[in-house]
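What follows is a set of notes on a single structure, which appears directly below.
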Amino acid sequence: MSSFYPTQKPSVYAKRRAKLAQAVRAQGGGVVLIRSGEEIMRNRDSDYPFRTDSYFYYLTGFPEPEGCLALVVGQESTQSILLCREKNEEREIWDGFRYGPKAARKQFGFDNSYPVDELEEVLENLLANQPAVFLRLGEDPELEGGVSEVLKTLRGKVRMGIGAPHSVQDVSHILDEMRLFKGKEELDTMRRAASISAFAHQQAMLATHPGAHEYEVEAALLYIFKRHGSEFPAYGSIVAGGENACVLHYRANNAELKDGDLLLIDAGCELDCYASDITRTFPVNGKFSKAQQAVYEVVLEAQYAAIAATKAGVRFNAPHDAAVKVLAQGLIDLKLLNGGLDEVLESGSYRRFYMHRTGHWLGMDVHDCGSYRDPSAKPEDGVAPHTSRKLKENMVLTIEPGLYIRAAEDIDSKYHNIGIRIEDDAIVTKTGCEIYTHEAPKTVADIQKWMAKRAAPKNKIAKIK
């Protein structure tokens, strides 16, 4: 564990806790409990790299495992408490720096702190005579079990004048709505993550040539991520050449790249627990064939239509609907589908080549939290409950149309195994959206111009056999 420190100031996290406390107070008050998570063993003495729980980090900025936030919300005051690992010189020799309760309280701006080993005792004191406990129900069985034991203990003290909370409530929906709208500090971090990722995509293009392997290109991406301070990829990178690009969540990344094929890269870094998400598709040899370009231009036009439809006041589905119309008409024009536009849209026949949505929320998680349905929808107002919500300023989403044409007897062979996705990240504004991943080349002309800068493949460099 390093002495990693968040890019956002402690006051930012304190404001989020205050906002959460306000929402909890409106429901009668109580104690909010959220844990950071624990290190997980990979095999024997080796564990997976630790990444803290997004909800916990959103409210604390504290990066260590085994932490627990307790937010005690009364009618007139709020107490913010952190439980964390104690300082331990021997463990620090082996595993690295720990803040310890005293330093963590001061460094991260908590009202109080305790060793996490005292969690059960602390919870018994904190939950006594409280009206409710707020947890992320269904997400942390160990914490839920511990709370149940404490409630049982408190109920046994009723003759001593000590009461137990009368309800256990889910706090997820409150936090999901909070996280859906990004603050300035969050947007600054996300822009930086996107800039790193866009540069990585540029370098991946330069590292691509016939005869290379997908994992070599992935290595170029990961190098740029790490070199610029990213701790992790935001998700498993997809580096898919040729027919592999028609597998939406392709993971193997081990095939040889062939002259004449396209390469689809869906990859983004995570910075200070905030994700970026970019997809680019380009020719392995640096030049699109006529068929590849024709399909590519349809996808790009669809993305432009979706971007134009993304602004405050429209519903979340609007960008998807705009993209689908362009994709469907493109498939008709390419003679991959028969019939008129209305017929293709109504039948859904376009889904053979485009089977996913055009975007998703983006934030601390690459598929970030937050409902896609209108939380205020009421049938009596003429709005069906399943209606998608309206976009508002400072929501962040991806815009990622695609076409995936698998080889088949009824498909012209020139289109076989063409898989294309173009994905950018967008911040919703009053009048439109800010595409902040624009540095990664996207038009046919820009991609071919950029890839013309590639040096000759260094095939003479020896590889380990």
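Side notes on the structure shown:
- Label reach from residue 438 (point 7 Å along Cα→C-beta): in the stretch 275-305, amide nitrogens under 18 Å belong to 277-280, 300-305.
- Gyration tensor (alpha-carbon) shape descriptor, the stretch 203-327, a/c threshold 1.5: oblate
- Against the rule of thumb 2.2 N^0.38 Å, how large the Cα Rg of the stretch 181-451 comes out: 1.00
- Qualifying trypsin sites (Lys or Arg not before Pro) in the stretch 151-192, where qualification requires a DSSP coil assignment and no more than 13 other C-beta atoms within 10 Å, comprise 157.
- When the alpha-carbon atoms of the stretch 338-386 are used, the pair Rg, Dmax equals 16.0, 43 angstrom.
- Kyte-Doolittle mean at least -1.0, axial Cα span of 30 Å or more - DSSP H helices of the chain: 184-206
- Distance (nanometres) between label positions extended 7 Å along Cα→Cβ at residue 367 and residue 144: 2.0
- Viscosity 1.306 mPa s, 10 °C: Kirkwood-radius Stokes-Einstein D of the stretch 116-182 over Cα pairs, µm²/s: 122
- Calculated FRET efficiency, residue 187 to residue 341, Cβ-Cβ distance, R0 = 35 Å: about 0.40 to the nearest 0.05.
- Under 14 Å from the residue 117 label point (7 Å along Cα→beta-carbon), backbone N, the stretch 80-101: 84-92, 100-101
- Chain lengthening between residue 27 and residue 11 when straightened (0.36 nm per residue, less Cα-Cα): 3.3 nm
- Virtual paramagnetic centre 7 Å along Cα→Cβ of residue 19, amide N under 14 Å, in the stretch 157-182: 174-182
- Residues whose amide H falls under 5 Å from that of residue 169, counting only those 5 or more places apart or on a different chain, are 133, 134, 135, with hydrogens built in the peptide plane.
- Considering only 20, 172, 114, and ranking their Cα positions along the charge dipole of the chain that arises from unit charges at the beta-carbon of Lys, Arg, Asp and Glu, the one farthest toward the positive end is 20.
- Calculated from backbone phi, Karplus (6.51, -1.76, 1.60) coupling profile of the stretch 234-242 in Hz, x at Gly/Pro: 6, 6, x, 5, 9, 10, 10, x, x
- Evaluated at q = 0.09, 0.12, 0.13, 0.17 Å⁻¹, the base-10 log of the normalised Debye intensity for the stretch 263-392, with identical point scatterers placed on the Cα atoms, takes the values -0.35, -0.61, -0.71, -1.08.
- From the largest down, the stretch 10-178 spans 47, 35, 29 angstrom on the principal axes of its Cα atoms.
- Along the chain, the exposed loop sites are GluC sites (Glu not before Pro) outside DSSP states H, G, I, E and B with at most 10 other Cβ atoms within 10 Å, and the longest stretch free of them is 77-408.
- Cross-link pairs 87/184; 287/325; 9/152 - those with Cα-Cα distance over 31 Å: 87/184; 9/152
- In nm, spacing of pseudo-spin labels at residue 456 and residue 125 (7 Å Cα→C-beta vector): 7.4
- Between residue 406 and residue 448, the modelled labels are 3.1 nm apart [label points 7 Å from Cα along Cα→Cβ].
Bear in mind these aren't lab numbers, they're just calculated from the coordinates by the rules spelled out. All values derive from a computational prediction rather than experimental measurement. Glycine gets a Cβ as well: all are built from the backbone with ideal geometry, and neighbour counts include every protein chain shown.
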